[in-house]
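A.B. asks: Let me begin by handing over the structure; questions about it come next.
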Amino acid sequence: MIKRSLILTINLLCCLCLMAQNDGVWTFSGKVVDAKTRKALSHVSVTHRNVGTVTNEEGEFTLKLKETPATVTFSCLGYKSQHLSAAECKSHEAEGRPVQMQASSVVLSEIVVKGVEDPRGLVEQAIEKIDDNYSRIPNLLRGFYRETTQKRNRFISVAEGVVDVYKSPYYRSDWRDGVAILKGRRLLSQRKNDTLAVKLQGGPVLPVHLDVVKERDILFSYEELNNYHFSYKGVKRTGDQTAFVIEVKPAFVIDYPLYNGLLYIDQETLAFTKIELQLDMSDPDKVTRSILRSRPVGLRFAPHEFSINIDYKTDNGVTRINYIRNVIRFRCDWKRKLFKSNFTIVSEMVVTDRQEGEDVKPIKVRDTFNRRDNFYDKVIYFEDPDFWGNENIIEPTEDLLQGIEKIKQKLK
């Protein structure tokens, strides 16, 4: 079954962009840290109403809004939500003070005990409530997408862009769910020994084909549930919400690779709020057949990691996808050659805005990004300091900026 297989595949060929931004009407740039340890917090959701972004690996962010907000909200798994007024935001920015988030403590209740007794039953209850907890009307999500390729510790390819994602109601599958690229750009190393790189197929379709809550055949069909063992791992808190943590592990050896992972289920609504999955690597040949579409003759491929992290956000009682990240790590080497190369592909998308309602129309077929396409081939290279305009993006990390500058210098 195609949904059970890994939708994202890679070609061993050649690959990937740089970044710039313009200030919007109102901007707030800063950094988010743990209040006690002062450690930077990554993947923190920074939002005002429907508009938002996430912090990068160094805890940094820039939020762009069309109007001055009443409050900006920061939320992250394991931490209390933080709310700052517009004046407080600007005070933090002017003084260079990071936003500090307090780790949350969790008080166990009677319902937690029930989760301990039957973790699979809890997952099944959550699946049954998907139709109630998730959007029942069409959504058009605006997102920022980025994919990077590293050879060892060196960036060799970057591509990024703004995309629209059409999501039909969660109570049904719909072939019209799709992605359109609004704007994008790329940057590729021209070193001779980088000619063997990678092309990630279907990257921008992450929020469509790897949304396991909607595409239930990946994990949440009853047929698939029977392949797993479930165990209860306690509770975690995101802002004012408490989530059960359920661990999943393969229970059997079958003809395709299964996942190890954690499911976070809201204590009150039983909505899935976060899902972390890692493909079981115990059989490398099986994994290779699942994720590798083609490779040159004489090339050996050894997979090390295939992981998916999905964050969902609840607003006014409706839960929607907010952030998704996919990591693929593998090694390549040629027969009769001494050196081996380790590659890492990271693709991520954050929802920065949305429209919803029965009047929201699907993306036209001619504009839809095909899951067999490569994002890199769909965007062009050019350098424009005002490229992003008022669009919200994921801020590049320092190492990514340095990697981009090195590639640009080589091109010059």
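A.B. asks: Looking for whichever is in contact with a Cys (Cβ under 9 Å, 6 or more places away or on another chain), assigned to a strand (DSSP E or B) and within 26 Å of Glu57 (Cα to Cα) here; the options are Ser341, Ser347. Which one fits?
C.D. replies: Numbers: Ser347 fails: in contact with a Cys (Cβ under 9 Å, 6 or more places away or on another chain).
Going through Ser341, Ser347 in turn, the sole match is Ser341.
A.B. asks: Can you tell me which residue in the range 195-218 is farthest from Ser290 (Cα to Cα), limited to those that are open to solvent by 10 Å² or more (accessible area, probe 1.4 Å) and modelled with pLDDT under 85?
C.D. replies: Thr195
A.B. asks: Out of the residues in the range 50-71 that are assigned to a loop (DSSP other than H, G, I, E, B) and not charged (D, E, K, R), state the one that is surrounded by the fewest Cβ atoms within 10 Å (Cβ to Cβ). Give the derivation first.
C.D. replies: Applying the first criterion (assigned to a loop (DSSP other than H, G, I, E, B)) to the range 50-71 yields 50, 55-59, 66-70.
Filter again for not charged (D, E, K, R), leaving 50, 55-56, 59, 68-70.
Numbers: Asn50: 15, Thr55: 26, Asn56: 23, Gly59: 22, Thr68: 13, Pro69: 19, Ala70: 10.
Residue satisfying both the conditions and the ranking: Ala70.
A.B. asks: Can you spot a residue in the range 245-259 that is modelled with pLDDT of 95 or more, in contact with an Asp or Glu (Cβ under 8 Å, 6 or more places away or on another chain) and aromatic (Phe, Trp, Tyr)?
C.D. replies: yes
A.B. asks: Out of curiosity, is Thr47 open to solvent by 30 Å² or more (accessible area, probe 1.4 Å), β-branched (Val, Ile, Thr) and at pLDDT 95 or above?
C.D. replies: Working: open to solvent by 30 Å² or more (accessible area, probe 1.4 Å): no; β-branched (Val, Ile, Thr): yes; at pLDDT 95 or above: yes.
When the stated conditions are applied, Thr47 does not pass them.
A.B. asks: Met281 passes all but one of (1) under 22 Å from the mean Cα position of the chain (by Cα); (2) under 29 Å from Trp175 (Cα atoms); (3) in a loop (DSSP other than H, G, I, E, B); which number fails?
C.D. replies: (2)
A.B. asks: Only one of (1) hydrophobic (A, V, I, L, M, F, W, C); (2) part of a strand (DSSP E or B); (3) open to solvent by 60 Å² or more (accessible area, probe 1.4 Å) is not met by Phe74, so which one is it?
C.D. replies: Checking Phe74 against (1) hydrophobic (A, V, I, L, M, F, W, C); (2) part of a strand (DSSP E or B); (3) open to solvent by 60 Å² or more (accessible area, probe 1.4 Å), the one that fails is (3).
A.B. asks: Please pick out the residue among Val158, Val162, Val123 that is under 15 Å from the mean Cα position of the chain (by Cα) and either under 30 Å from Gln402 (Cβ atoms) or crowded, with 20+ Cβ neighbours inside 10 Å (or both).
C.D. replies: The conditions single out Val162.
A.B. asks: Of the conditions (1) open to solvent by 40 Å² or more (accessible area, probe 1.4 Å); (2) under 24 Å from Arg372 (Cα atoms); (3) not in a loop (DSSP other than H, G, I, E, B), Asp131 satisfies every one except a single condition; which number is it?
C.D. replies: Of everything listed in (1) open to solvent by 40 Å² or more (accessible area, probe 1.4 Å); (2) under 24 Å from Arg372 (Cα atoms); (3) not in a loop (DSSP other than H, G, I, E, B), Asp131 misses just condition (2).
The values are calculated or read from the model by the stated rules, or taken from the named source; none is laboratory data. The model shown is predicted, which means the values in this text are computed figures rather than measured ones. Methodologically, a virtual Cβ is constructed for each residue, glycine included, from the backbone with ideal geometry; neighbour enumeration extends over all protein chains shown. Please note that ligands, DNA and RNA were not included when accessible areas were found on the heavy atoms of the full protein model with its side chains. Shrake-Rupley method; radii C 1.70, N 1.55, O 1.52, S 1.80 Å.
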